[in-house]
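The values are calculated or read from the model by the stated rules, or taken from the named source; none is laboratory data. Just so it is clear, the structure is predicted and the values come from calculations on it, not from any experiment. All Cβ positions, glycine included, derive from the backbone under ideal geometry; neighbour counts span all protein chains shown.
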Amino acid sequence: MSDIQQPTIERKKRVLSCIQPTGVPTLGNYFGALRNWVKMQDEFDCFYAVADLHAITVRQDPAKFRQQIMETFALLMAIGLDPEKSLLFVQSQVPAHAQLSWLLSCCTQFGELSRMTQFKDKSAKHADNINLGLFSYPTLMAADILLYQPEYVPVGADQKQHCELTRNIAERFNSIYGNTFVVPEPYIMKTGARVRSLQDPTKKMSKSDENVNAFISLKDDKDTIIRKFRRAVTDSEARVYYGEGKDGINNLMEIYGAIVGKTMQEIEQEFEGKGYGDFKSAVGEAVAGELTPIQERLQTLLGDKAQLEQLMRTGAEHASYVAGRTLAKAQKKMGFYQFK
Ligand code: TRP
């Protein structure tokens, strides 16, 4: 062996994640996932998609759905994802997702899918429409992921079980047909706040909450944001500190901290001797300050449909190229007849 040092060419690690185009994301989705996607885009080779195929497991109104796909795609850029750095695309525009999903569904057990807690929750919620897609949703998600051979999948804790299943499917496929897929790891995001409902801070903030005062949508205007924070449920102690039994204040402190970059202790110091009114206004102002520029960028992007469509097209083409190679590899390993 020569002792000449080999240059080390470090490939960036790859990540893939998707967001469903169902309704406007909340502040919880933003801090729990989206903002971290932006933070990852320099360090990693990122693929981010709008998971429209997943969305139809629950009935969608076609006209609204079409609009939401476009808006969600635009939102990815409005929050700061740069299509020059990250590959942004719409799932249904890359046919390999549906194709690989079928191959993988033949490597997924009925029992495995039956144990998915999201399936159980969603079938309880939509008892009149427990369709096959709702059941096989995780194999489609496995296809989304495995097509791009990512090392990491940044997701919220609620998607961890689906990521574990993806790993099992990949390992099973690799052991039956030979090494084909990278076995990815979930990347459960540690940064950022676990945002809770503003009306019942023991619950997660959810866009499907009946009480609109419980969540902040990324499209809420400044006045609405300020008003919702003013109405946020707290406690009767009137002292800003992080502690047990102070779920409401803890939540507001976490949101504030995630924006201004202060620790809980620093926030306590900042609001020492001040009441909840002052604190709530400060949180509302900070959130509005974070969301207003995003909303302005979103409006600008949506104002130029031709450009948006061009970006979608380019994203789909690039993604199809990468996905197509993996699909062909999987088909070959399984023994499908391929033209020379
Ligand atoms: N199931 C995810 C959610 O509801 C969305 C999703 C679809 C996804 N495909 C994915 C997330 C692939 C990560 C990787 O949030």
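Looking at region 161-204 only, could you name the residues that are free of Cβ contacts under 8 Å to residues at least 12 places away in the same chain and outside any helix (DSSP H, G or I)? Matches in region 161-204: N179, K190, K203.
All told, D144 meets the bar of being touching a strand residue (DSSP E or B) at 6+ places or on another chain (Cβ under 9 Å) and not hydrophobic (A, V, I, L, M, F, W, C). Out of everything in region 117-147 that is touching a residue at least 60 places away in the same chain (Cβ under 8 Å) and either crowded, with 20+ Cβ neighbours inside 10 Å or of a type in the set (G, A, S) (or both), what residue ends up being farthest from the ligand (Cβ to nearest atom)? Filtering first and then ranking leaves G133. Among the residues making up region 322-340, those that are at pLDDT 95 or above and exposed (fewer than 12 other Cβ atoms within 10 Å of the Cβ) are G335, F336, Y337.
Listed conditions (1) modelled with pLDDT of 95 or more; (2) surrounded by 20 or more Cβ atoms within 10 Å (Cβ to Cβ) are all met by G32, apart from (1). Elements of the type helices (runs of 4 or more DSSP H) sitting completely within region 22-121 and holding at least 1 residues that are touching a strand residue (DSSP E or B) at 6+ places or on another chain (Cβ under 8 Å): these cover 35-40, 52-55, 62-78. Where helices (runs of 4 or more DSSP H) fall entirely within region 225-340, those with at least 3 residues that are over 27 Å from the mean Cα position of the chain (by Cα) are at 264-270, 276-302, 305-334. Residues that are farther than 23 Å from C46 by Cα, at pLDDT below 95 and of a type in the set (A, V, I, L, M) occur in region 230-249; there is at least one. Comparison of P154, P150 shows that the only residue that is in contact with a strand residue (DSSP E or B) (Cβ under 7 Å, 6 or more places away or on another chain), within 25 Å of F47 (Cβ to Cβ), within 12 Å of the ligand (Cβ to nearest atom) and part of a loop (DSSP other than H, G, I, E, B) is P150.
Whenever a residue of region 45-67 is under 15 Å from N129 (Cα atoms), its partners that are more than 9 Å from the ligand (Cβ to nearest atom) and part of a loop (DSSP other than H, G, I, E, B), lying with C-beta atoms within less than 7 angstrom and at least six residues away or across chains, give the pairs A55/P21; T57/N131; V58/H126; R59/N129. Within region 295-307, residues that are closer than 17 Å to I69 by Cβ reach partners that are in a helix (DSSP H, G or I) and among the charged types (D, E, K, R) with beta carbons closer than 7 Å, at six or more positions or on different chains, in the pairs L302/E71.
Suppose we filter F89, F73 for residues that are in contact (Cβ under 8 Å) with a residue 40 or more places away in the chain, farther than 29 Å from N168 by Cβ and among the aromatic types (F, W, Y); which single one remains? Break it down into steps so the answer makes sense when it comes.
Details: F89 fails: farther than 29 Å from N168 by Cβ.
Only one candidate qualifies: F73.
In the set (1) within 16 Å of the ligand (Cβ to nearest atom); (2) under 16 Å from the mean Cα position of the chain (by Cα); (3) over 20 Å from A170 (Cβ atoms), A49 fails one condition alone, (3).
Among the numbered criteria (1) touching a Gly at 6+ places or on another chain (Cβ under 9 Å); (2) within 14 Å of the ligand (Cβ to nearest atom); (3) at pLDDT 95 or above, which single criterion is violated by S217? Going through (1) touching a Gly at 6+ places or on another chain (Cβ under 9 Å); (2) within 14 Å of the ligand (Cβ to nearest atom); (3) at pLDDT 95 or above one by one, S217 breaks only (2).
Taking A98 as the residue in question, decide whether it is within 15 Å of the ligand (Cβ to nearest atom), surrounded by fewer than 14 Cβ atoms within 10 Å (Cβ to Cβ) and more than 30 Å from T263 (Cα to Cα).
Numbers: within 15 Å of the ligand (Cβ to nearest atom): yes; surrounded by fewer than 14 Cβ atoms within 10 Å (Cβ to Cβ): yes; more than 30 Å from T263 (Cα to Cα): yes.
Yes.
Every residue, every condition in (1) surrounded by fewer than 18 Cβ atoms within 10 Å (Cβ to Cβ); (2) of a type outside the set (K, R), yes or no:
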| position | (1), (2) |
| --- | --- |
| Y241 | yes, yes |
| E244 | yes, yes |
| L252 | no, yes |
| E268 | yes, yes |
| G273 | yes, yes |
| Y276 | no, yes |
| K280 | no, no |
| A286 | no, yes |
